[in-house]
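Working notes, beginning with the structure itself.
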Amino acid sequence: MMDTATRPTGKRVDAWKLTMTAMLSAIAFVLMFLEFSVPIMPPFIKMDLSDLPELIGAFAMGPVSGVVICLVKNLLHLFISTTGGVGELSNFLLGACFVLPAGIVYRKWKGKKSAIAGAMMGAVLMALVSIVSNYYIVYPFYYNFMDKEAILAAYQAIFPGVGNILHCLIVFNAPFTFIKGLLSVVVTVLVYKHISPFLKGAGRGR
């Protein structure tokens with residue numbers, strides 16, 4: 001999966017890295033619009049793969065680049081935000097939790113297994129943080145537009161066993177967030193080997 005492609009040197013490295021970071025940020029921004037509903041989740045929860053470019057960037061250019069891609073994606077989305085920045089803040093926090101461990105682990109231990117292990121660690125962390133993020137940041141904002149009991153009822157229509165919002169976040173949102181991260185991991189494993197030479201600028205600057 002992973003490789004050690006030749007990279008450009010000096011200032012050309014910085015320019016190429018900046019270019020790739022900008023490109024991946026733009027792709028991540030576009031992917032935010034390609035969201036879709038999941039039958040086992042309430043209709044206001046959507047799935048998208050906008051974390052995928054961040055994970056690829058973290059592997060190709062380092063953990064900081066992955067976080068920067070996540071930040072730029074959400075800064076761009078602020079211009080069309082319907083949540084006053086609340087959704088973007090949560091998305092950034094979760095994305096950073098996902099790609100930072102993945103990038104750090106892969107940078108320290110190069111290899112397919114370490115890349116997958118780091119990404120899985122990130123997916124677990126993202127899922128856990130999503131409980132806190134949703135409970136204290138996102139859902140309090142939702143309550144301004146949708147009654148808390150109505151949100152709870154949407155979850156209970158799928159699984160009556162949930163008794164409160166926190167329970168809903170643990171039973172529904174955390175596993176959903178983990179699966180969302182897992183999908184990005186699977187796609188990255190499939191495509192990274194083929195695109196990493198380009199992302200790393202192999203053969204440039206010789």
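Listed values, structure above:
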| quantity | calculated |
| --- | --- |
| Charge dipole of the chain about the Cα centre (unit charges at C-beta), most positive-ward option of Pro101, Gly111, Pro140 | Gly111 |
| Relative contact order, percent, the range 25-74 [alpha-carbon distance under 8 Å, six or more residues apart] | 38 |
| Fully extended contour minus Cα-Cα distance, from Ala117 to Leu78, at 0.36 nm per residue | 10.8 nm |
| Shape category assigned to the chain from the gyration tensor of Cα positions, a/c cut at 1.5 | prolate |
| Separation of the Ile158 and Ala22 label points, Cα + 7 Å toward Cβ, nm | 3.9 |
| Residue order, fewest to most surrounding Cβ atoms within 10 angstrom, among Val129, Val99 | Val129, Val99 |
| Nearest-0.05 FRET efficiency for Leu183 and Leu128, computed from C-beta distance (R0 22 Å) | 0.80 |
| Val30 paired with Arg107, simple spin-label distance in nm, labels 7 Å along Cα-to-beta-carbon | 2.8 |
| Likely footprinting exposure, Ile158, Ile116, fewest C-beta neighbours within 10 Å first | Ile158, Ile116 |
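Laboratory data are not the source of any read-out in this text; all were calculated from the coordinates shown. The structure displayed is predicted, hence computed values, not measured ones. Cβ: placed from backbone, ideal geometry, glycine included. Neighbour counts: every protein chain shown.
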